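Below: one structure, written as structure tokens.
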Amino acid sequence: MIGSPEKLLKEALDELQRASARDEVLQIKAKYLGRKGEIASLLKELGNLTGDGKREFGESVNRAKARIEEEVEGLLSAILDKEKAEKLEEERLDVTLPGRRLQLGKRHPVTRIMDEVEDIFSGLGFDIAEGPEVELDYYNFEALNLPKDHPARDMQDTFYISEEVLLRTHTSAVQPRVMEARKPPLRIIAPGTVYRRDSDITHTPMFHQVEGFMVDRNVTFSNLKGILTLFLHRLFGEKTGIRFRPSFFPFTEPSAEVDIRCVICSGTGCRVCKGSGWLEILGAGMIHPEVFKSVKYDAEEFTGFAFGLGIERIAMLKFGIDDLRLFFENDIRFLRQF
Ligand code: DAH
């Protein structure tokens, strides 16, 4: 019994019509067109036929085969198109959606004050210098007229790395370093981080200072007063009251502490100025001849003044911050306020 190509074609087209997924179509393709498929077995029957019958049968099998191929290809390409369209739809970008905002950082109040101090002194012709935070005992103490047994070393509790190496307790250590490396005239400010073994409400083990000094022939205490008055007026406002008080530092003689009128109560007395109406803002003085001796400057030829100030303290006063610890928590809600 010889199979019917027409019947086979009809079955194949029926099946294809019901197929929707690629796999189904491929299965049907294999079933009819594969090497061991229905068309192939029809063609095997050709050997049993002869003459016109063989020719007609052959032609009709080939027509059925071509028709099935055409239908399969058509279906496959339709499925491919559909899949592409679905994928595009899935990946579609809505360019009108609002973007995600970048969280902008803010400059830390300590950095802001540092920059402001640097700007003011740059404008007065001062250069910026830096020194190491891990410092030699020599530059931090000895060269500043603080020999090993000097009682004033107790003023600064120190983190020691070894006998001779420590974390610098003040930016004054930059003074002898710069003076050793350069000759007067010098006008220098040295901002940086300093460390002390101290931790409570008003002290942190790390904080920031700016050191400044000027060395030349004929530098006098009036130059010191003039420059620092100008600086404090720029920083806190032209009307700020200023006073110089005698004080002691081993590396200056004479030494002074400089106060400004309380920025909180304008001098009537409050908690911040502890009722005195004044706020201590910096230490200063004429550079001690012993310091010049350590750096081999001739103290007869050159004189100079130096000063040092704490940045956190100034930032607290300028921005009205009442807790030192806020500076080091890096809470973005705090930093955003500046
Ligand atoms: N180094 C001092 C301190 O850490 C501050 C200071 C006082 C610096 C007087 C100076 C100065 O240059 O002349 O407290």
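The values are calculated or read from the model by the stated rules, or taken from the named source; none is laboratory data. This one's a predicted model, so the numbers in the text were calculated from it and none came from an experiment. Backbone-built Cβ (ideal geometry, glycine too); neighbour counts: all protein chains shown. Quick note on the areas: whole protein, heavy atoms, side chains included, nothing else; ligands and nucleic acids left out. Shrake-Rupley method; radii C 1.70, N 1.55, O 1.52, S 1.80 Å.
The table for this structure:
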quantity: Hits in the stretch 18-29 - residues which are exposed (fewer than 12 other Cβ atoms within 10 Å of the Cβ) and more than 16 Å from residue 77 (Cβ to Cβ); calculated: 18
quantity: Residue that is surrounded by the most Cβ atoms within 10 Å (Cβ to Cβ) [pool: residues in the stretch 144-166 that are under 27 Å from residue 187 (Cα atoms) and away from the ligand (no atom under 13 Å from the Cβ)]; calculated: 166
quantity: The stretch 38-67: number of residues that are in contact with a Lys or Arg (Cβ under 8 Å, 6 or more places away or on another chain) and either among the acidic types (Asp, Glu) or buried (at least 18 other Cβ atoms within 10 Å of the Cβ) (or both); calculated: 2
quantity: Long-range neighbours under 7 Å by Cβ, at least six apart or interchain, first residue more than 24 Å from residue 13 (Cβ to Cβ) within the stretch 48-64, second surrounded by 14 or more Cβ atoms within 10 Å (Cβ to Cβ); calculated: 49/57; 54/46
quantity: Residue in the stretch 252-262 that is away from the ligand (no atom under 14 Å from the Cβ), within 40 Å of the chain's Cα centre (by Cα) and open to solvent by 60 Å² or more (accessible area, probe 1.4 Å) present; calculated: yes
quantity: Unique residue being over 18 Å from residue 215 (Cβ atoms), in the same structural domain as residue 212 (by TED's automatic domain parsing) and within 28 Å of the chain's Cα centre (by Cα) when the list is 118, 163; calculated: 118
quantity: Residue satisfying all of: in the stretch 266-285; open to solvent by 20 Å² or more (accessible area, probe 1.4 Å) and of a type outside the set (Gly, Ala, Ser); farthest from the ligand (Cβ to nearest atom) among these; calculated: 268
quantity: Which numbered condition residue 288 fails, given (1) without any contact (Cβ under 8 Å) to a residue 40 or more places away in the chain; (2) surrounded by 15 or more Cβ atoms within 10 Å (Cβ to Cβ); (3) within 13 Å of the ligand (Cβ to nearest atom); calculated: (1)
quantity: Which listed residue is of a type in the set (A, V, I, L, M, F, W, C) and open to solvent by 60 Å² or more (accessible area, probe 1.4 Å), from 230, 235; calculated: 230
quantity: Only one of 41, 20 that is under 60 Å from the mean Cα position of the chain (by Cα) and of a type in the set (S, T, N, Q); calculated: 20
quantity: Members of the stretch 304-334 found to be within 13 Å of the ligand (Cβ to nearest atom) and open to solvent by 40 Å² or more (accessible area, probe 1.4 Å), listed by number; calculated: 313
quantity: Yes/no for residue 45 being acidic (Asp, Glu) and at pLDDT 90 or above; calculated: no
quantity: Exclusive hit being closer than 30 Å to residue 209 by Cα, surrounded by fewer than 14 Cβ atoms within 10 Å (Cβ to Cβ), free of Cβ contacts under 8 Å to residues at least 40 places away in the same chain and not assigned by TED's automatic domain parsing to the domain that holds residue 317, set 104, 97; calculated: 104
quantity: Residue, most open to solvent (accessible area, probe 1.4 Å), within the stretch 178-210, restricted to residues that are in contact with a Pro (Cβ under 8 Å, 6 or more places away or on another chain) and under 30 Å from residue 301 (Cβ atoms); calculated: 209
quantity: Test: residue 139 is more than 16 Å from residue 206 (Cα to Cα), more than 11 Å from the ligand (Cβ to nearest atom) and hydroxyl-bearing (Ser, Thr, Tyr); calculated: yes
quantity: Options 127, 115: the member that is charged (D, E, K, R), closer than 21 Å to residue 182 by Cβ, modelled with pLDDT of 95 or more and loosely packed, with under 15 Cβ neighbours inside 10 Å; calculated: 127
quantity: Some residue of the stretch 121-142 being assigned by TED's automatic domain parsing to the domain that holds residue 169, polar (S, T, N, Q), under 27 Å from residue 328 (Cα atoms) and not in a loop (DSSP other than H, G, I, E, B); calculated: yes
quantity: Subset of the stretch 238-251 (residues that are open to solvent by 30 Å² or more (accessible area, probe 1.4 Å) and closer than 30 Å to residue 142 by Cβ); calculated: 244, 245, 246, 247, 248, 249
